[in-house]
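*Asks:* Take this structure, written in structure tokens, and hold onto it; I'll ask about it next.
The values are calculated or read from the model by the stated rules, or taken from the named source; none is laboratory data. As the structure is a prediction and not an experimental result, all values here were calculated from the model. Using ideal geometry, Cβ is built from the backbone for each residue, glycine included, and neighbour counts are taken over all protein chains shown. When the accessible area is computed, the model is the full protein with side chains, heavy atoms only, and any ligands, DNA or RNA have been set aside. Shrake-Rupley method; radii C 1.70, N 1.55, O 1.52, S 1.80 Å.
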Amino acid sequence: MSSRRPRLLQAVTPLGWSVAGCAAALLGAGYGLGWAELTAIGWAAAVLVLGALAHLFGRSAHDITLSLPVDRVVAGERVPGQVDVRNRTGRRLAAVTVQVPVGAGLAEFPMPSLAAHSGIDEVFVVPTARRGIIPIGPVHTVRADPVGLVRLETVLTQQVELYVHPRTIAIPSMSQGFVRDLEGQPTRDLTASDVAFHALREYQSGDERRSIHWKSTAKTGRLMVRQYEQTRRSHLLVALSLASGDFADEEEFELAVSAAGSLGVRAIRDARTVSVLTSAGPLNTLTGTRLLDGLSGVELAPGVTDLRALSRQAAAGVAGLSVVFLLCGSSTPLAALRASAAGFPLGVEVVAVICDPGARPGLRRAGGLSLVTIGFLDDLQQTLARGAAA
């Protein structure tokens, strides 16, 4: 009982304490001065407070379940949420208000009094117009009087998160041929099995029999085996700046996030080695879903690592790079892009994807740097495909 009493006192709102104080003052003044009017007003205020307190008695025994059909969607899709309220007791429960925090908003449902072993369902729509991670819940019930003198909240469910992924576009595998790195670059290291044929040599103990070249063996009378140049497996890096100075506005940044997701997911599906690096750190590229989860939470911020510094980090910290995509906006100068590309070792193909909504798509070379301009997300597929065919 002692633990419940402080909770009831905390349920009294500032307005409730003000009305209670006024009631006490009016009753004291009315009886002290003999003013019947003040006494009547004081008693009216006291009755109002006592009536409000009556809303706090009794326990909230509602059984509430919060459910979503999915926990990951693409920006723009409609996601219905459902709140199931059940009375599993053998008595009638009083009417309450059920509130569900949805991101920065609030879904509110007035629930009528529920008979024993009955229930009711309510559906709400989660807004997903913008990419992000939306916290939903925890659901709580609210008991309050109509005037607002008391308000008692009871938390009933845990919070869940809805990942709103950026919109992506399917990029064909052939589009990556634009950087001439579909099969890796040959090295001077020789191996018994690979793609790039080098020469024939005599069979040695321990060589695999499947490498024997039987036509040459028949001509020379000695066992001859194939020898190959070992190819370097493609390691693709997508670098996304989160610095507000690299983008003119939020629209450019959202286009860059979608482009980064499209490139990363394509590389993961092609079973390439891929790294996605942002100003806040690397993202998980184990699966396409994990990558999009990470991209759901990235945001522009002032004072974070810009594209040039991010490129230096990538060149120093990521080994074996073969292709690098630098994602930026229209406010990034060409000199900064050239300086970013210059930090990578020789042989690394660097492509700057400039996201400028509404701009005409284009592909051009600036020294050792490829510049891809996209005005819409679809331009990324078309421009890379044109480059591959060129």
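*Asks:* Taking the range 261-302 only, how many residues are in a loop (DSSP other than H, G, I, E, B), open to solvent by 50 Å² or more (accessible area, probe 1.4 Å) and touching a residue at least 12 places away in the same chain (Cβ under 8 Å)?
*Replies:* Initial filter on the range 261-302 (in a loop (DSSP other than H, G, I, E, B)): 270-272, 279-280, 284-287, 297-300, 302.
The next check asks that each one be open to solvent by 50 Å² or more (accessible area, probe 1.4 Å); those that pass are 271, 280, 284, 286-287, 299, 302.
Narrowing the set further to residues that are touching a residue at least 12 places away in the same chain (Cβ under 8 Å) leaves 280, 287, 299, 302.
Looking only at that region, the number is 4.
*Asks:* What are the pairs with Cβ atoms under 9 angstrom where one residue, in the range 10-33, is farther than 17 Å from LEU48 by Cα and the other, located anywhere, is open to solvent by 80 Å² or more (accessible area, probe 1.4 Å)? Sequence gap at least six, or different chains.
*Replies:* ALA29/TRP35; GLY30/GLU37; GLY30/ILE41; GLY30/TRP43
*Asks:* Sticking with this structure for a sec: Quick one: GLY320 ticks every box in (1) in contact with a Gly (Cβ under 9 Å, 6 or more places away or on another chain); (2) modelled with pLDDT under 90 bar one, so which box is it?
*Replies:* Just one mismatch for GLY320, condition (1).
*Asks:* Give the residue that is modelled with the highest pLDDT, with candidates limited to residues of the range 192-217 that are open to solvent by less than 40 Å² (accessible area, probe 1.4 Å) and assigned to a strand (DSSP E or B).
*Replies:* Of the residues in the range 192-217, the ones open to solvent by less than 40 Å² (accessible area, probe 1.4 Å) are 196, 199, 207, 211-212, 216-217.
From what's left, assigned to a strand (DSSP E or B): 196, 199, 212.
Numbers: ALA196: 46, ALA199: 68, ILE212: 79.
Taking the candidates together, the pick is ILE212.
*Asks:* Continuing with this model, one more query. Could you grab me the full set of residues in the range 124-145 that are within 26 Å of ARG86 (Cα to Cα) and among the polar types (S, T, N, Q)?
*Replies:* THR141
*Asks:* Could you check the range 112-128 and list, in sequence order, the residues that are at pLDDT below 90 and closer than 17 Å to ALA75 by Cα?
*Replies:* Hit for the range 112-128 is PRO127, nothing else.
*Asks:* If you don't mind, another one. Which of the following residues is in a loop (DSSP other than H, G, I, E, B) and either open to solvent by 30 Å² or more (accessible area, probe 1.4 Å) or not aromatic (Phe, Trp, Tyr) (or both): ALA319, ALA309?
*Replies:* Answer to the selection: ALA319.
*Asks:* Within the range 63-106, can you find the residues that are open to solvent by less than 20 Å² (accessible area, probe 1.4 Å) and in contact (Cβ under 8 Å) with a residue 60 or more places away in the chain?
*Replies:* Passing the criteria: ILE64, VAL73, VAL79.
Every residue, every condition in (1) part of a loop (DSSP other than H, G, I, E, B); (2) free of Cβ contacts under 8 Å to residues at least 12 places away in the same chain; (3) of a type in the set (A, V, I, L, M); (4) in contact with a strand residue (DSSP E or B) (Cβ under 8 Å, 6 or more places away or on another chain), yes or no:
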{"residue": "ALA315", "(1), (2), (3), (4)": "no, no, yes, no"}
{"residue": "SER331", "(1), (2), (3), (4)": "yes, no, no, no"}
{"residue": "ALA335", "(1), (2), (3), (4)": "no, yes, yes, no"}
{"residue": "ALA352", "(1), (2), (3), (4)": "no, no, yes, yes"}
{"residue": "GLY358", "(1), (2), (3), (4)": "yes, no, no, no"}
{"residue": "ARG364", "(1), (2), (3), (4)": "no, yes, no, yes"}
{"residue": "LEU371", "(1), (2), (3), (4)": "no, no, yes, yes"}
{"residue": "LEU384", "(1), (2), (3), (4)": "no, no, yes, yes"}
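*Asks:* Still on this structure, please answer the following. For the condition at pLDDT below 90, open to solvent by less than 60 Å² (accessible area, probe 1.4 Å) and either among the β-branched types (Val, Ile, Thr) or under 30 Å from the mean Cα position of the chain (by Cα) (or both), what is the one hit in LEU384, LEU377?
*Replies:* LEU384
*Asks:* Restricting the range 139-165 to residues that are closer than 30 Å to GLU250 by Cα and open to solvent by less than 40 Å² (accessible area, probe 1.4 Å), which is farthest from the chain's Cα centre (by Cα)?
*Replies:* Taking the candidates together, the pick is LEU162.
*Asks:* Could you check ALA341 against (1) out of contact with any helix residue (DSSP H, G or I) (no Cβ under 7 Å at 6 or more places or on another chain); (2) in contact (Cβ under 8 Å) with a residue 40 or more places away in the chain; (3) part of a helix (DSSP H, G or I); (4) buried (at least 17 other Cβ atoms within 10 Å of the Cβ) and say which number it fails?
*Replies:* (2)
*Asks:* Taking ARG180 as the residue in question, decide whether it is modelled with pLDDT under 70 and basic (Lys, Arg).
*Replies:* Yes, satisfied.
*Asks:* Would it be correct to say that GLY34 is within 30 Å of THR154 (Cα to Cα), open to solvent by less than 80 Å² (accessible area, probe 1.4 Å) and out of contact with any Ser or Thr (no Cβ under 9 Å at 6 or more places or on another chain)?
*Replies:* no
*Asks:* So, LEU326, is that one in a strand (DSSP E or B) and either in contact (Cβ under 8 Å) with a residue 12 or more places away in the chain or surrounded by fewer than 22 Cβ atoms within 10 Å (Cβ to Cβ) (or both) or not?
*Replies:* For LEU326, the condition - in a strand (DSSP E or B) and either in contact (Cβ under 8 Å) with a residue 12 or more places away in the chain or surrounded by fewer than 22 Cβ atoms within 10 Å (Cβ to Cβ) (or both) - is met.
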